[in-house]
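Where a number appears in this text, it was derived from the coordinates with a stated rule and is not lab data. Because the structure is a prediction, the values reported are computed rather than measured. Glycine also receives a Cβ, built like all others from the backbone with ideal geometry; neighbour counts cover every protein chain displayed.
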Amino acid sequence: SMGGQGVLRLASRWPNRFAAIVDISGTVIAKSPSATNQQVATDIQTHPFLTAPDIYRALAQHIAATPIWIFHGDTDESVPVEQSRQLVNALRSAGATVRYTEYPGAGHSIEERALSEPELLPWLLSQTRKHSGKTSVP
């Protein structure tokens, strides 16, 4: 979940850096049970989409140009599956290329299953990064 959250945060901060995104059980919201108030404040300051009235739509607008495959278990007790469902809907509304795999009866620890998907590696390797025309790295 923290890796999935990190993927979403990195992609939103630098949307033209990646050819594709793979999110496994990632949380979208700023507050998680293990986060300190300082960590949440830093997350919100660093990622302005978190203050938007609809954080899913705001995040989707940031990352819609990058193909994404999201994986989630439908009985995840750490990160509610509804977060991935809402993000997928927002991404589709934003015109993103999005794939979504939801594992029935699966909980939070689905990384082995997701990374073993036969189509994942070929899909990932078939993506190419969209160049923004910028020659310098911020």
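Brief remarks on what is shown
- A crude spin-label estimate for the pair Leu10 and His108, with each label 7 Å from Cα along the Cβ direction, gives 2.1 nm.
- The chain, relative contact order [Cα under 8 Å, separation at least 6], %: 28 percent
- The order of the peptides 41-52, 117-128, 3-14 by mean Cβ neighbours within 10 Å, most packed first, is 3-14, 41-52, 117-128.
- Calculated from backbone phi, Karplus (6.51, -1.76, 1.60) coupling profile of the stretch 34-50 in Hz, x at Gly/Pro: 8, 7, 7, 4, 5, 5, 5, 4, 5, 4, 5, 5, 7, 10, x, 4, 5
- Square roots of 5 times each gyration tensor eigenvalue, C-alpha, the stretch 64-124, largest first, Å: 20, 16, 7
- Subtracting the Cα-Cα distance of Ile44 and Thr75 from their residue separation scaled by 0.36 nm leaves 8.4 nm.
- Only DSSP H runs of four or more residues enter the estimate; each adds -39500 (n - 2.57), and after division by the residues of the chain the mean residue ellipticity at 222 nm equals -11500 deg cm²/dmol.
- Each part reduced to its alpha carbon centroid, the stretch 81-101 and the stretch 33-50 end up 22 Å apart.
- Here r is the Cβ-Cβ distance between Arg99 and Thr36 and R0 is 30 Å; the resulting FRET efficiency, rounded to 0.05, is 0.35.
- Seen from all directions on average, the chain presents a Cα convex hull projection of 8.7 nm².
- Take each peptide in 21-28, 69-76, 104-111, count the other Cβ atoms within 10 Å of every residue, and average; sorted highest first, the result is 21-28, 69-76, 104-111.
- Here the stretch 1-124 is assigned +1 on the Cβ of each Lys and Arg and -1 on the Cβ of each Asp and Glu. Its dipole about the Cα centre then comes out at about 500 debye.
- Cα-centred dipole magnitude for the stretch 54-138, charges only on beta-carbon of K, R (+1) and D, E (-1), debye, nearest 20: 660 debye
- Here's how it looks for Asp76: its modeled amide H is under 5 Å from those of Val81, which are all 5 or more places away or on a different chain.
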